[in-house]
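Here the structure comes first, spelled out in structure tokens, and everything after it is commentary.
Laboratory data are not the source of any read-out in this text; all were calculated from the coordinates shown. Just so we're clear, the structure is a prediction, and the values are computed from it rather than from any experiment. Cβ atoms come from the backbone with ideal geometry, glycine included; neighbour counts cover every protein chain shown.
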Amino acid sequence: MAGKRVVVVFGATGAQGGSVAAALLEDGTYAVRAVTRDTSKPAAVKLKKAGAEVVSADLDDEKSLEAALTGAYGAFVVTNAFEGSKKDKEVIQGKLVANLCKRLKLELVVYSGLENVKEITEGKLEVPHFDSKGEVEKYFRHIDCPMTSVRLAFYYENLLHGFKPQRNKDGRTLLLGLPMGDVPLDGISVADLGPAVVTILKSPACYKGKNIGLSAGKLTVEEYAEIMSVITKQMIKDAKILPEDYEQQGGAHNMANMFRFYMMRPDRDVVLTQKLNPKVRNFQQWMEENKKAFRSDSHGHPQ
Ligand code: NAP
């Protein structure tokens, strides 16, 4: 590791940062400094064994962040919208990191950003976990900190958890309840983020200052359901719902607005994603590798 330039990876014990840390370790160009609030948790111990320097820092604590970022060439920064309830938390955390990266003269930050939907739609739609990231993107540009934003599409992994197909009343079919109507939805496996970030970090001149929408493919819900059916050998159908139906069925307003924004087809660039990560998996390939997770249990519920 001696002599290698350091890349600091936030969220290294989670999905996005974990993918980035793994790809950086595999690539070997940079030394990896993995950030966690708890260096004793299994994911942190695993990173250390794999060759990362694991450091304790908290996005809410400037002193710990400064120590983590000092001497680094670059950083991957992700904030978690779904932890804690403090308003504007992601904005405060993002701006704090941006200021430090600027002051400590990092050469490139890859920030996991998203669009400021409220601004784009002139207040018609608010998606707090997008808007906050959009505000931070703007702030990086405003203070002139070298940054590339990667805007991830809907994770395929969401289909294993919050959006897994649900058993229909007829007991025979499973319904995929993504409220997109007939509009294609961009998707990607979060595990395929890492190699794209490595490419960006290795080519700052090409990607500095850009906002890059990452996607492995654009499919309608009907197409997602069809591929899932063929691969799992279960009858999985498009529930054919819109954000309004999703809300009526108890779905959160912010998530419904996120789908309303996805229905506006934000820029997600499949060709560029394939260039950044030539091994990025399309939905079919990802499903083949994950089909076991969709097997029904004895009650017919997907596990
Ligand atoms: P994750 O797997 O839940 O991991 C969250 C990570 O954040 C953990 O490694 C955690 O580290 C770290 N973390 C949280 N609070 C921290 C703090 N105060 N200081 C330092 N580290 C902190 O989450 P993820 O999926 O990688 O990323 C979540 C983000 O992805 C969300 O903001 C969401 O908006 C965005 N996103 C999601 C999708 C999607 O389709 N799901 C698409 C695009 C973007 P420790 O606990 O180890 O400290």
Self-check item: Under the Karplus curve 6.51 cos²θ - 1.76 cosθ + 1.60, θ = phi - 60°, whole-Hz ³J(HN,Hα) for segment 183-197, x wherever Gly or Pro sits
Solution: 8, x, 10, 6, x, 7, 7, 4, 5, 8, 5, x, x, 5, 5
Quiz item: In whole angstrom, and with the biggest value first, how far do the Cα coordinates of the chain range along each principal axis?
Solution: 61, 45, 35
Self-check item: Vicinal HN-Hα couplings computed from phi for segment 218-225 (Karplus, 6.51 cos²θ - 1.76 cosθ + 1.60; Hz; Gly/Pro x)
Solution: 10, 10, 6, 4, 4, 5, 4, 5
Quiz prompt | Residue-wise HN-Hα coupling along segment 144-157, computed from phi with Karplus coefficients 6.51, -1.76, 1.60 (Hz; x: Gly, Pro) | solution = 6, 9, x, 8, 10, 9, 10, 9, 6, 6, 3, 5, 4, 4
Quiz item: Please state the relative contact order of segment 205-290 as a whole percent: Cα pairs under 8 Å, 6+ residues apart?
Solution: 44 percent
Quiz item: What is the log10 of I(q)/I(0) for segment 49-133, computed with the Debye formula using one identical point scatterer on each Cα and no solvent, at q = 0.11, 0.13, 0.23, 0.26 Å⁻¹?
Solution: -0.36, -0.48, -1.15, -1.31
Quiz item: How much FRET efficiency would the formula 1/(1 + (r/R0)^6) give for Met264 and His161, where r is the Cβ-Cβ distance and R0 is 22 Å, rounded to 0.05?
Solution: 0.35
Exercise. Along Cα→Cβ, 7 Å out, is where each label goes; now give me the distance between the ones at Glu83 and Arg103 in nm to one decimal.
Key: 2.3 nm
Quiz item: Could you give the dipole magnitude of the chain about its Cα centre, charging the beta-carbon of Lys and Arg +1 and that of Asp and Glu -1, in debye to the nearest 20?
Solution: 760 debye
Self-check item: Neighbour-count ranking [beta-carbon atoms within 10 angstrom, fewest first] of Leu24, Leu59
Solution: Leu59, Leu24
Self-check item: Modelled FRET efficiency - R0 45 Å, Glu119 with Arg295, Cβ distances, 0.05 increments
Solution: 0.55
Quiz item: At q = 0.28 Å⁻¹, what is the log10 ratio I(q)/I(0) for segment 17-74, with the Debye formula run over Cα points and no solvent?
Solution: -1.23
Practice problem: Give me the percent of Cα-Cα pairs in segment 1-148 that sit more than 24 Å apart, rounded to a whole number. | Solution: 30 percent
Quiz prompt | Stretchable slack from Glu53 to Ser203, in nm (0.36 nm times residue separation minus alpha-carbon distance) | solution = 51.7 nm
